[in-house]
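The values are calculated or read from the model by the stated rules, or taken from the named source; none is laboratory data. Keep in mind that this is a model prediction, so the values were computed, not measured. Cβ placement follows ideal geometry from the backbone for every residue including glycine, while neighbour counts extend to all protein chains displayed. For the accessible areas, the whole protein counts, side chains as well, though only heavy atoms, and no ligand, DNA or RNA atoms are used. Shrake-Rupley method; radii C 1.70, N 1.55, O 1.52, S 1.80 Å.
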Amino acid sequence: MDKAAASKTFESMKLVLRELDESIVQIQDDCDEEEYRNYKYSVGKVMVSVRENILDPIFKEYPELIPEELK
């Protein structure tokens with residue numbers, strides 16, 4: 001993947017991760033504690049997968065795209 005595509009992918013994944021994170025807050029009042037815990041755990045697994053399988057390879061190839069808060 002070239003740098004421009006990597007940068008676009010990173011920006012898209014930031015939005016995806018933000019939406020996933022917000023979904024946890026949004027459903028909190030709409031389900032019982034166990035459902036919420038399971039949902040939060042499942043979303044966390046997806047977020048880790050995005051990081052490990054999409055973002056980490058991009059950052060390995062283009063370390064200059066790593067945001068300061070992740071360094």
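Which is free of Cβ contacts under 8 Å to residues at least 60 places away in the same chain and surrounded by fewer than 10 Cβ atoms within 10 Å (Cβ to Cβ), of D56, D2?
Working: D56 fails: surrounded by fewer than 10 Cβ atoms within 10 Å (Cβ to Cβ).
Just a single option satisfies the conditions, and that option is D2.
Is it true that E34 is open to solvent by 80 Å² or more (accessible area, probe 1.4 Å) and of a type outside the set (A, V, I, L, M, F, W, C)?
The answer is yes for E34.
Taking the conditions exactly as written (in a helix (DSSP H, G or I) and either loosely packed, with under 12 Cβ neighbours inside 10 Å or of a type outside the set (V, I, T) (or both)), does V25 satisfy them or not? Outline the logic, then answer.
Details: in a helix (DSSP H, G or I): yes; either loosely packed, with under 12 Cβ neighbours inside 10 Å or of a type outside the set (V, I, T) (or both): yes.
In short, yes.
In this structure, is D29 more than 20 Å from A4 (Cα to Cα) and touching a residue at least 24 places away in the same chain (Cβ under 8 Å)?
Details: more than 20 Å from A4 (Cα to Cα): yes; touching a residue at least 24 places away in the same chain (Cβ under 8 Å): no.
Spelling it out, it is not the case that D29 is more than 20 Å from A4 (Cα to Cα) and touching a residue at least 24 places away in the same chain (Cβ under 8 Å).
Applying the selection to the range 59-71, what residues are open to solvent by 100 Å² or more (accessible area, probe 1.4 Å) and in contact (Cβ under 8 Å) with a residue 24 or more places away in the chain? Full working, then the answer.
Going residue by residue through the range 59-71, those that are open to solvent by 100 Å² or more (accessible area, probe 1.4 Å) are 60-61, 64, 68-69, 71.
Across the range 59-71, the qualifying residue is only E61.
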